[in-house]
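Encoded as structure tokens, the structure appears first; notes follow it.
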Amino acid sequence: MNKKAFYVPVLTITFIAIIVPVLLMVLWSFVQRWPWPLLLPEDYSMRTIRELLFGSANAFHLIVSSVSLSMTVALLGTVIGTLTARASEFYTFRGKSLIRFASLLPLIVPGTVLAMGLQIVFIRLHLTDTVAGVILIHLVSSLPYCITIMTDATRALGPQLEEQAIILGANSFKAFWLASFPNMIPAFLASLNMGFIISYSQYFTTLIIGGGRVKTIAMVLFPYIQSGDRPLMSAYSSFFIFSGLFVFMILELLIKKLSKETISNETEC
Amino acid sequence: MKKTLKIVFTLLMIFVMIFTMAACGSDEPAADNEFDLSAAEWSEIVEAARGTTVTFYGWGGDENRNSWLNSTVADYVKDNYDITLEVVGMNIDEILAKLSGEKQAGSESGSIDMIWINGENFYSAKANGLLYGPFTAQLPNMEKYIDLDDPETLNDFCMPVEGYEAPYARAQMIMLYDSAKVTDVPANAQEFLEFCKANPGKVTYPALPDFTGSAFVRNLVYELCGWEQFQTMAADKETVRAAIQPAIEYLKELNPYLWNEGKTFPDSSTTVNSMFADGELLFHMSYGPFSAASGIADGSYADTVKTFVFDNGTIGNTNYMAIAFNSPNKAGAMVVIDAILSAEIQLTQYATLKELPVVDNSKLSAEELASFNAVEIGQGVLTQEELLAHRLPEMPAALVPIIEEIWLEEVVGK
């Protein structure tokens, strides 16, 4: 099949379904009034930007706390995901398939039910209204994705490279670090991204466990969406999307640089 | 290998169990070393609250209210009582879910101090022991500024308040129209029907159980069935069904002339608000009595938008502030609530948020009254006197969900 005949419609649909609404949302952030049937807004204003930056919610503080919380979740999720993947791929033990299945359970149980049930446990453990509690509950939601991604990557790579390294005299950590890790960087990136985005977009679990004390962008955004103030919710949503994208870009750059360095290190050795 | 794993696993399980149990046991009871709050003098309460932090949980979707709380109110309590006010935006459903979770877990010291609440939510929270009280009798500003015999001070949706919540602001149902497009506004339910017939597809109301849609339907019920009988009506579905039958017939007759021929209704009052702002609808209703002024001021409404009410009046209610049963700082919460009841704060709420104040005008000093009267409320609104002259009481909270149910069964799409 002609490649162009395939790509052009796909790209067009992507553009209409994803890019146009986002652009529209950015435009709506500056709208003051847009009555039907005008094609373009009647009036523009900077009100929402003022409220976003200098309003009751401190945008800068929000983005720092939100991103660092979600990054922590993504890192922890990826580490746990990698360890789980290695355990279930390289070792045999009783209840292995059960553990594999259990790792997907948070996807099957609705998040709301999970949060409501865990709330009582968390209260007893004095984890409610704390950042640690929120990180834990976000981990529960992110882990199925991290584990699945890392399991696939671990399976695809197999234990052979590490075995080779061990035969050549490396200890097991060094074998992982030098043989598997550089090869799995794309998977780490995927897992980090997934963990980040899942945590970044959590609302209900943050609300129930964080009790409104742990503030993330999603937490502040949600009431505005319900309030029906379209310019303000567009401004917050754009802020949410672009801050997430920004983190993705930084991650991608970092990982690219890292993989280049490890590869060049390897050749030097 | 297998054996070690088993031992490790067992040890881990034991550890987790001990950890959980220890955590349960360490729930220390609420600070008993504090004095008995319900018997304390006001000066002692103010002293105990000095230097503390108070959290105020409530709906956070109104940017104007958020910044008013975070600046005006927070500064006021900081300067006068050295209290730090922390405002947390959260829907009342989630606040109550959080509190009942804490109640279930036996937590004696939570994180919520003050709650913004009213109506059915107050009724269920009080019935389930999620609120602290009674406390309002100890607040000096209750006596100083509030009409203690006002039915809205005594009852919330006909449910006795019994000192478990203090008034915060007053709301009243009003209707909006654009005077550039509409000249004659309906003065009662019959004229409203004529209005819809003359403008087919240009009028609708939010689907129940939306707060505003529900109040609008109750208002039509009052118009057609009278309001007095509902004040003491038993919360029995068949009784209510029989009582509101004329209104149900009326709503069914109305349906074909509504937006989308009444087959569907917009999901919320915010959607209706957007449709009205866009000019898709000619008629809008709101629980914010001065919402025309704020809409015109922020530019979302045309300058020609105006407010009206039915001649027989519209439903008004009060929203309140309560204290959570496990509030870690009940004394602080009482001081902040008392501060919000003061004429000074109520005046700023009236002026900046355009909410009806809860203070009793006859208790205000001449100076205070003059500053209330001097407030420029903005364009397109009715005056406070006009509103209060057309104010009808809410019906008992327990009837509200019954009417919503009957509406879903018999009106929508019929």
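Given springs between every Cα pair under 10 Å in a Gaussian network model of chain B, which of B:Val375, B:Val358, B:Val73 has the largest fluctuation?
Maximum among the listed residues: B:Val375.
Treating only the Cβ of Lys, Arg, Asp and Glu as charged (+1, +1, -1, -1), what charge dipole size does chain B show about its Cα centre? Round to the nearest 20 debye.
I would put it at about 1520 debye.
Work out which helices of chain A, taken as complete DSSP H runs, extend at least 27 Å along their axis over the Cα atoms and score a mean Kyte-Doolittle of 0.0 or more, then list them. Could the numbers behind the result be given before it?
Numbers: long enough: A:59-90 (45 Å, 1.27); A:131-157 (36 Å, 1.39); A:230-268 (57 Å, 0.55).
Helix filter hits for chain A: A:59-90, A:131-157, A:230-268.
Nearest 5 percent is fine: what portion of the DSSP beta bridges confined to chain B is antiparallel?
Working: 24 of 34 bridges.
Restricted to chain B, the bridges split so that about 70 percent are antiparallel.
If the only charges are +1 at each Lys and Arg Cβ and -1 at each Asp and Glu Cβ, what is the size of the charge dipole of the protein assembly as shown around the Cα centre, to the nearest 20 debye?
Dipole about the Cα centre, nearest 20: 4160 debye.
Determine the principal axes of the Cα atoms in segment A:82-156, then give the extent along each, sorted from largest to smallest and rounded to whole angstroms.
That works out to 40, 21, 20 Å along the principal axes.
Looking at chain B from every direction and averaging, what is the projected area of its Cα convex hull in nm²?
26.0 nm²
What nm distance separates the two modelled labels at B:Glu162 and B:Asp150, each placed 7 Å from Cα along Cα→Cβ?
Label at B:Glu162, label at B:Asp150, 2.3 nm between them.
Comparing A:Leu23, A:Leu251, A:Leu178, which has the greatest mean-square fluctuation in the GNM of chain A with Cα pairs linked when under 10 Å apart?
A:Leu23
Most fluctuating residue of A:Met249, A:Met194, A:Met71 in a GNM of chain A with Cα springs under 10 Å: which is it?
Top of the fluctuation ranking is A:Met249.
Just want the answer: with Cβ charges of +1 for Lys and Arg and -1 for Asp and Glu, which residue in A:Ser68, A:Pro110, A:Val140 is farthest toward the dipole's positive end in segment A:58-268?
A:Pro110
When you count, for each residue, the other Cβ atoms within 10 Å and take the mean per peptide, how do A:237-248, B:36-47 rank with the highest first?
Values: A:237-248: 16.6, B:36-47: 13.1.
In descending order of packing, they fall as A:237-248, B:36-47.
Out of all Cα-Cα pairs in chain A, roughly what percent, to the nearest whole number, are more than 26 Å apart?
That tail contains 56 percent of the Cα-Cα pairs.
Does segment B:132-172 come out rounded, prolate or oblate by the C-alpha gyration tensor, with a ≥ b ≥ c the root eigenvalues, rounded set by a/c under 1.5 and, if not, prolate when a/b is larger than b/c and oblate if not?
Note, shape of segment B:132-172 comes out oblate.
Label points 7 Å out from Cα along the Cβ direction at B:Gln104 and A:Phe6: separation in nm?
5.1 nm
Just order B:233-240, A:229-236, A:76-83 by mean Cβ neighbour count inside 10 Å, highest at the front, would you?
A:229-236, A:76-83, B:233-240
Determine, at each q value in 0.08, 0.09 (inverse angstroms), the log₁₀ of I(q)/I(0) that the Debye formula gives when each Cα of the protein assembly as shown is one equal point scatterer.
Here log10 of I(q) over I(0) equals -0.75, -0.92.
Going by alpha carbons, how many degrees (0 to 90, nearest 10) lie between the helix axis of B:330-341 and the longest principal axis of chain B?
So the helix axis and the longest Cα principal axis differ by about 20 degrees.
Which entries of B:Lys202/B:Lys354; B:Lys98/B:Lys330; A:Lys215/B:Lys354; B:Lys306/B:Lys363; B:Lys103/B:Lys237; B:Lys237/B:Lys306 have Cα-Cα distances beyond 26 Å here?
B:Lys202/B:Lys354; A:Lys215/B:Lys354; B:Lys306/B:Lys363; B:Lys103/B:Lys237; B:Lys237/B:Lys306
Given the peptides B:196-206, A:154-164, A:8-18, A:132-142, arrange them by the average over their residues of other C-beta atoms within 10 Å, most packed first.
Highest to lowest by the protection proxy: A:132-142, B:196-206, A:154-164, A:8-18.
Each value in this text was obtained by applying a stated rule to the coordinates, not by laboratory testing. Keep in mind it's a predicted model, so treat the numbers as computed, not measured. With ideal geometry, Cβ positions are generated from the backbone for all residues, glycine too; neighbour counts draw on all protein chains shown.
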